[in-house]
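These notes concern the structure reproduced below.
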Amino acid sequence: MPFFSVKVPPLIEKSQRLDKYIASLPNSMNRSKLKSGLVNIFVNGKKEKISYKIKGGEQIDIDWEDQVPSDIEPENIPLDILYEDENVCVINKKQGMVTHPACGNWTGTLVNALLFHWGKEKISQQKEGTATELMMQRRPGIVHRLDKDTSGIIITAKNRDAEEWLQNQFRDHRNLVKEYIAICIGRPQHYKGTVKTYIARDLKNRRRFKAIPLTESCQAGKYAESSYICIACYGQYSLMRIRIATGRTHQIRVHMKYLNCPILGDPIYSKTDKNFPHANLMLNARLLKIRLPGKSEKSEFKTDTPERFLKILKILHKKYKKVILAKDK
């Protein structure tokens, strides 16, 4: 979802409607585009209407969506399928693939590929309805998601009964096991631990989220919990294994940043690393344990370590001595 942010100069000649002010800015949106694609308007972090009268010094943040296509088409995109039966399909998603169609990514998504793989017809898109209704029709079979640049295991449902079965498990992540590996910049204070915070959108940058300690008041935040083990350190870099007990947007990326160990190659929460300036997000969903429809025991799915991890780890092995952090007593 695109974002537009601007800070109103401290001194403006007179108060004016927000939409007129935005339209008057260079390289901005006209009032027609703003109105047709508008999702949210925030002024100093508070939700406002398009007719709001702006004042000097205010921070304006706008979320909007591009024009929705008439149909979501099946596309012949190769998939790395780990398991498939009449109810589910477990895929090793490649880095760079978006999970489902959304603003800026209406084609080339996992949903487009699944429609073709399952031999289904295109999905006509309705233009009216609640945000939840519109989103649900764009993501058939999708019960959880991975960020575009996160690779690894994702499970999808092939029918409505399977979708409900899986959704019931994902409502509480303690019903399943989701494990990731990450290469991070920095060393954690302890070799293992659990991070428990609120996670809320960063009002200074709408693309980001931030961790807020549980001791602080946070009305807009959601509880998030991640457990980690530092497998090894190589100089200033750490190889981490992470399991999540909740499923918040950017959760692992935010929690690693909170530990002062941002993930290597993260364009939002980490700076470009001088040793690996071309690294992409080094985060991979490596393991999933979940109960499949009709099964009494959990099934386990696992991926091999991605090639991009192996290349960087090979360099780290040559350049630095491997260090295992002392275990807590």
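For E307 and A23, what is the calculated FRET efficiency with R₀ set at 45 Å and r taken between the beta-carbons, to the nearest 0.05?
With a Förster radius of 45 Å, E is 0.45.
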Could you work out which residue, out of I12, I154, I268, moves most in a Gaussian network model of the chain, that is, has the largest mean-square fluctuation with Cα springs under 10 Å?
I12
Length released on extending from V177 to E48, taking residue separation times 0.36 nm less the Cα-Cα span:
42.5 nm
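Taking the Cα centre as origin and putting +1 on Lys and Arg beta-carbons and -1 on Asp and Glu beta-carbons, what dipole magnitude results for the range 169-224, to the nearest 20 debye?
It works out to roughly 220 debye.
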Ranking S151, T249, P9 by how far each Cα lies towards the positive end of the charge dipole of the chain (+1 on Lys and Arg Cβ, -1 on Asp and Glu Cβ), the top one is P9
Solvent accessible area, Å² - H190, 1.4 Å probe, full protein context
80 Å²
State the percentage of accessible surface on the chain attributable to carbon and sulfur atoms; use a 1.4 Å probe and exclude ligands, DNA and RNA.
48 percent
Taking the Cα centre of the chain as the origin and placing charges on Cβ (Lys, Arg +1; Asp, Glu -1), which of N92, F170, I231 is farthest toward the positive end of the dipole?
I231
For a label point 7 Å along the Cα-to-beta-carbon line of Q59, residues of the range 7-25 with backbone N under 15 Å
7-10
Springs between alpha-carbon pairs under 10 angstrom, Gaussian network model over the chain: which of P140, P213, P26 fluctuates most?
P26
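The values are calculated or read from the model by the stated rules, or taken from the named source; none is laboratory data. Treat the numbers as computed from the prediction; the structure is a model and nothing was measured. For neighbour counting, all protein chains shown are included, and Cβ atoms are generated from backbone atoms with ideal geometry for every residue, glycine included. Protein only, heavy atoms only, side chains kept; ligands, DNA and RNA dropped before computing areas. Shrake-Rupley method; radii C 1.70, N 1.55, O 1.52, S 1.80 Å.
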